[in-house]
1. Quick one: residue A:102 ticks every box in (1) in contact (Cβ under 8 Å) with a residue 12 or more places away in the chain; (2) in a helix (DSSP H, G or I) bar one, so which box is it?
2. For residue A:42, work out the one condition from (1) under 20 Å from the mean Cα position of the chain (by Cα); (2) part of a helix (DSSP H, G or I) it doesn't fulfil.
3. Every residue in the stretch A:84-99 that is in contact (Cβ under 8 Å) with a residue 24 or more places away in the chain and within 19 Å of residue A:59 (Cβ to Cβ), please.
4. Out of A:16, A:68, A:96, which single residue is of a type in the set (Gly, Ala, Ser), surrounded by fewer than 16 Cβ atoms within 10 Å (Cβ to Cβ) and within 13 Å of another protein chain (Cβ to nearest Cβ)?
5. Output the number of the condition that residue B:73 fails; it satisfies all remaining conditions of (1) farther than 24 Å from residue B:164 by Cα; (2) out of contact with any Gly (no Cβ under 6 Å at 6 or more places or on another chain); (3) not small (Gly, Ala, Ser).
6. So for the stretch A:62-83 (the condition being in contact (Cβ under 8 Å) with a residue 40 or more places away in the chain and within 30 Å of residue B:174 (Cβ to Cβ)), does at least one residue qualify?
7. Might you check whether a residue that is within 13 Å of chain B (Cβ to nearest Cβ) and part of a helix (DSSP H, G or I) occurs anywhere in the stretch A:71-81?
8. Of everything in the stretch A:29-45, what is touching a residue at least 40 places away in the same chain (Cβ under 8 Å) and within 8 Å of chain B (Cβ to nearest Cβ)? Give them in sequence order.
Amino acid sequence: MTIKILHWLCRLILAGVFIYSGYVKVQEPLQFAVAISGYKLVPEHLIFPLAKFLPWAEIVLGLAILIGWKIRYFSAATAALLLFFIAVLAITVSRGIEANCGCFGLDERISPLTILRDSLFLIPAVYLVIEPKLTNRWRKTATPS
Amino acid sequence: MVRKSGLTIALILISLAWPAMVCPSDVASGQRLGGSANSPVQIEVFSDFQCSACREFYLGTIRQILQEYSSKDKVCIIYHEYPLPAHKYSRDAARYSEAASRLGVKQLLAVMDSLFMDQAKWSQDGKIEPSIAKALSREDFQKLKQIMLDSSINLAIEREVTLATRVPIKSTPTMIIRYTGKQQKVEGLVTYIVLKKFIDDVIK
């Protein structure tokens with residue numbers, strides 16, 4: 001029962017975060033493009049295509065996790081995307097660039113807290129990837145031999 | 001069972017969250033720089049003559065969009081004056097721009113070009129008139145000086161500021177862009193290449 005609750009909690013958190021984040025950006029692709037250009041990491045001609053593609057990728061990942069389709073693969077992809085976001089944020093903070101995060105809207109400046117928040121989202125993603133191994137181990141220790 | 005309930009939650013979330021957001025504005029006011037009401041893309045810009053990002057946006061982005069798209073009636077550009085209280089001379093600059101718009105689009109563009117290009121200079125001492133004088137013919141400059149005496153100039157600026165407060169505009173430059181029944185508000189500097197890709201995507 002606890003495992004089931006944990007499983008659903010991780011799925012709902014991750015799916016909620018990704019669907020919401022993607023939805024906000026899909027509504028305002030140009031504003032998201034402005035946020036991306038603020039990072040000064042992406043060549044200019046790639047900024048708008050990326051601003052169009054990335055939100056849909058987030059929504060697809062979120063929906064797949066919510067539905068439970070190939071959940072381990074999609075959780076791994078989500079973890080990889082989160083690691084990419086964390087790396088981009090860390091590089092921007094270390095370069096001293098005051099950019100808008102563009103993570104969940106417009107009014108958020110990048111800070112170490114933004115990096116911490118994204119790192120916390122890694123926990124449910126990683127849990128869903130390693131869940132089968134973990135539950136097997138828990139079952140083995142729970143079953144008396 | 002688990003997959004089915006997941007799918008149901010997903011569908012409920014989508015149906016709740018999908019309606020498009022709308023942002024109110026007023027196309028009737030402002031200064032039309034190019035394009036027409038029939039252009040497939042309508043861009044309204046809230047700008048301040050003393051703001052450096054507005055300068056970069058106008059000279060680096062808007063001028064090229066006007067040349068490439070508005071001349072072919074693909075993009076309509078409307079400028080709204082939004083002189084920020086923190087900028088000492090931006091309201092005076094806005095008054096000149098408003099007066100120039102009453103002479104014609106050609107004169108307005110010449111005055112806007114000059115105001116933005118000389119921004120660093122007149123922002124220091126508030127001497128805006130030399131920048132206006134060199135942008136216009138002697139005849140137009142005399143006409144503009146007459147128009148500047150008209151109290152409706154100040155009223156027009158006030159109307160623009162009221163509109164900006166109503167939208168609401170938090171910073172300059174802010175763009176409201178309308179296309180194919182959609183609308184979005186964009187805050188900050190948008191480079192020419194990014195805006196071009198967006199427009200091409202919309203009107204393809």
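The values are calculated or read from the model by the stated rules, or taken from the named source; none is laboratory data. Quick caveat: nothing in here was measured; it's all calculated off a predicted structure. Quick reminder, even Gly has a Cβ in these numbers, built from the backbone with ideal geometry, and neighbours come from all protein chains shown.
1. Looking at each condition in turn, residue A:102 falls short on (2).
2. Condition not satisfied by residue A:42: (2).
3. Residue satisfying the conditions is A:85 alone.
4. Every option except A:16 fails the conditions.
5. So residue B:73 meets the others, but not (2).
6. Yes, that holds for at least one residue.
7. The answer is yes, given that some residue of the stretch A:71-81 is within 13 Å of chain B (Cβ to nearest Cβ) and part of a helix (DSSP H, G or I).
8. Residues satisfying the conditions are A:31, A:34, A:38.
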